[in-house]
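A.B. asks: Okay, here's the structure, questions in a sec.
What follows draws every value from the coordinates through simple rules; no lab data is involved. Source: prediction; values computed, not measured. Quick reminder, even Gly has a Cβ in these numbers, built from the backbone with ideal geometry, and neighbours come from all protein chains shown.
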Amino acid sequence: SNEPTPTRSLSNFIVHCHTPFNAEPQLPLLVNSGQVTPANVFFKRNHGPIPDIALDDHKVFIGVQQNPQYYFNTESPAIEWRQVSMYDIMTKWPKATITASLQCAGNRRDGLAAVKEVKGVIWGAGTTSNAVWSGPRLCDVLQDVAGVSLDMLHDMIRDFHVAFEADDHVHEDVCYGSSIPLRKAMDPAGDVILAYEMNGKPLSRDHGFPLRVIVPGFIGARSVKYLQKILIQPQESKSFFQRHDYKILPPWVNHDNVDQSWDTAASLTEMNIQCVICTPTEQQVVASSKPVTIKGYAIAGGGRAVYRVEISIDGGHTWEPVDKMEQKPDKKSGMYWAWALWEKTVPRMNKSTEIIARAYDSSGNVQPEFPIWNYRGVMNNAWSRVHTLPIF
Ligand code: MTE
Ligand code: MO
């Protein structure tokens, strides 16, 4: 196949599937790679083969109502597709740079699979990574090309959605697609961008070359790669990935009744509060007589800050704050889109072998003690636990 294999440092990854390519970094490598995750460590999540797109030929089609008043008429058929070239994307609007973490909604699905059968790639805790993304703001592009402005949000259009379609071929649907609320797209502090750069370099094919959406604070599934179409519409995207995936199905839904159950759950938007121990790793041998340094990441959804990360080495009876935590808000919007990396050294493990971490966000949300099972295995944010093997 035409997969971009040479650019992938395979030894950095646990590869769950080669075609389509789905891989997560080893956790110690992830947390030791610094605040900004290099592309050769950043997780890769694909539903289909990676398209081979030529920069010069690529066009984004933006569906425009010929008269902005038509946005208020949900039956209006008067859509005209305007073409925006990659040259336009790179030159017509101010270039914004946003540091934002992506996290797959299926991160830590292994913890839910351990409870009961789930459907999906059995990810560990490595499908969270942080990068610096650059490109025009979606609100600037939509205002200019589609005539949508912030004040229109006071009217009926406030409940509209922006749907994205991609250029990849997936077996679940005609292409990968998804949508976000128009409010999120138009909010200048929502920081949604059309990114053509990752960490100061053109996007790699794995991460969406030549153009992807970055929706900070939302689950990774909304950050559509290989972006080809944008359409403002009164309802959510009809894509499989919006309607029949990425939902926390109720606990009575299973393999047998899942088909009828999709409408019983909301499409996921913002991430929930998450915190993961990356070192030591599960079953790592740790000397009981020496101090142990624990490292991990934490991330809150929706631009909320990670307020506190705390550690317990006595099964959750007592907790202590971490020694160091670094998280920077966006300079302009003040929103916390990027993860926090944290560290704590505990004097001695004594006889205990379990380390537990949990985080609170700035709204007071805290992780649950146990995994909350759902059939699609999404949004697992149970307390992070690592069991070390002692040597005395
Ligand atoms: N966009 C397209 N076109 N195709 C995809 O399969 N996967 C989504 C999202 N955008 C996907 C996509 C999912 S589920 C996630 S978690 C992120 O991309 C992963 O982004 P990454 O591969 O750059 O880490
Ligand atoms: Mo995902």
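A.B. asks: Starting with the fewest neighbours, write out GLU236, GLU354 ranked by other beta-carbon atoms found within 10 Å of each beta-carbon. Can you show the working numbers first?
C.D. replies: Working: GLU236 18, GLU354 14.
Fewest to most other Cβ atoms nearby, the residues stand as GLU354, GLU236.
A.B. asks: Working out 0.36 nm times the residue gap between LYS119 and GLU343, then minus their Cα-Cα distance, what length gain in nm do you get to one decimal? Display every interim value, and only then the final one.
C.D. replies: Details: separation 224, 0.36 × 224 = 80.64 nm, distance 3.34 nm.
Difference between extended and current length: 77.3 nm.
A.B. asks: I would also like to ask the following. Pick from TRP342, TRP81, TRP133: which is most flexible by mean-square fluctuation in a GNM of the chain where alpha carbon atoms under 10 Å apart are linked?
C.D. replies: TRP81
A.B. asks: Right, another one. Dividing the alpha-carbon radius of gyration of the stretch 274-391 by 2.2 N^0.38 Å (N being the number of residues), what value is obtained?
C.D. replies: In units of the globular-protein estimate, the stretch 274-391 measures up at 1.11.
A.B. asks: Take the alpha-carbon positions of the chain, form their convex hull, and give its projected area averaged over all directions (one quarter of the hull surface) in nm².
C.D. replies: Numbers: hull surface 79.0 nm².
Dividing the Cα hull surface by four gives the mean projection, 19.8 nm².
A.B. asks: Using just the helices of the chain, give the 222 nm mean residue ellipticity in deg cm²/dmol: DSSP H runs with n ≥ 4 each add -39,500 (n - 2.57), and the total is spread over all residues, rounded to 500.
C.D. replies: Rounded to the nearest 500, the figure is -2000 deg cm²/dmol.
A.B. asks: Which loop trypsin sites (Lys or Arg not before Pro) in the stretch 237-274, with loop taken from DSSP, have no more than 16 other Cβ atoms within 10 angstrom of their Cβ?
C.D. replies: In loop regions of the stretch 237-274 (DSSP not H, G, I, E or B), the sparsely surrounded trypsin sites (Lys or Arg not before Pro) are LYS238.
A.B. asks: Which GluC sites (Glu not before Pro) in the stretch 96-185 pass both tests, a DSSP loop state and at most 16 other beta-carbon atoms within 10 Å?
C.D. replies: GLU117, GLU172
A.B. asks: Based on the Cα coordinates of the stretch 1-60, what is the per residue volume of their convex hull in Å³? Can you show the working numbers first?
C.D. replies: Details: hull volume 6.8 nm³, N = 60.
Hull volume normalised by residue count: 114 Å³.
A.B. asks: Using Cβ counts within 10 Å as a stand-in for footprinting exposure, how do SER239, SER9, SER178 rank, fewest first?
C.D. replies: SER9, SER239, SER178
A.B. asks: Please get the size of the charge dipole for the stretch 277-355, origin at its Cα centre, with Cβ charges of +1 on Lys and Arg and -1 on Asp and Glu, quoted in debye to the nearest 20.
C.D. replies: Around 260 debye, computed over the stretch 277-355.
A.B. asks: So, one more: Quote the relative contact order of the chain in percent (integer), defining contacts as alpha-carbon pairs under 8 Å separated by 6+ residues.
C.D. replies: 17 percent
A.B. asks: For a footprinting-style exposure proxy, rank ASP167, ASP314 by other Cβ within 10 Å, fewest first. Display every interim value, and only then the final one.
C.D. replies: On the way: ASP167 21, ASP314 11.
So the ranking, lowest neighbour count to highest, is ASP314, ASP167.
A.B. asks: Right, something else. Work out the FRET efficiency for ASN254 and ASP144 from their Cβ-Cβ distance, taking R0 = 45 Å, and round it to the nearest 0.05.
C.D. replies: 0.45
A.B. asks: If you don't mind, there's one more thing I want to ask. Would you check the stretch 274-391 for Lys pairs whose C-alpha atoms are within less than 24 Å, ignoring same-chain pairs closer than 8 in sequence, and give me the count?
C.D. replies: Eligible lysine pairs with Cα atoms under 24 Å apart amount to 9.
A.B. asks: Another question, then. Using Cα pairs under 8 angstrom and six or more residues apart, how large is the relative contact order of the stretch 274-391, in percent?
C.D. replies: It comes to 36 percent, rounded to a whole number.
A.B. asks: May I pose another question? Evaluate the distance, in nm, between pseudo-label points positioned 7 Å from the Cα of THR264 and of ARG158 along their respective Cα→Cβ axes.
C.D. replies: 3.2 nm
A.B. asks: I would also like to ask the following. Between THR19 and HIS171, what is the spin-label point distance in nm, taking each point 7 Å from the Cα along the Cα→C-beta axis?
C.D. replies: With each label point 7 Å from Cα toward Cβ, the separation is 1.2 nm.
A.B. asks: The stretch 91-248: Rg/Rh from Cα coordinates, Kirkwood Rh?
C.D. replies: Answer for the stretch 91-248: 0.98.
A.B. asks: Continuing with this model, one more query. Work from the charge dipole of the chain (Cβ charges, +1 for Lys and Arg, -1 for Asp and Glu, about the Cα centre) and give the residue of LEU249, PHE42, VAL224 farthest towards its positive end.
C.D. replies: Among LEU249, PHE42, VAL224, the one farthest towards the positive end of the dipole of the chain is PHE42.
A.B. asks: A follow-up question, please. Can you give the FRET efficiency to the nearest 0.05 for SER9 and ASP151, using r as the Cβ-Cβ distance and R₀ = 41 Å?
C.D. replies: Calculated value: 0.30.
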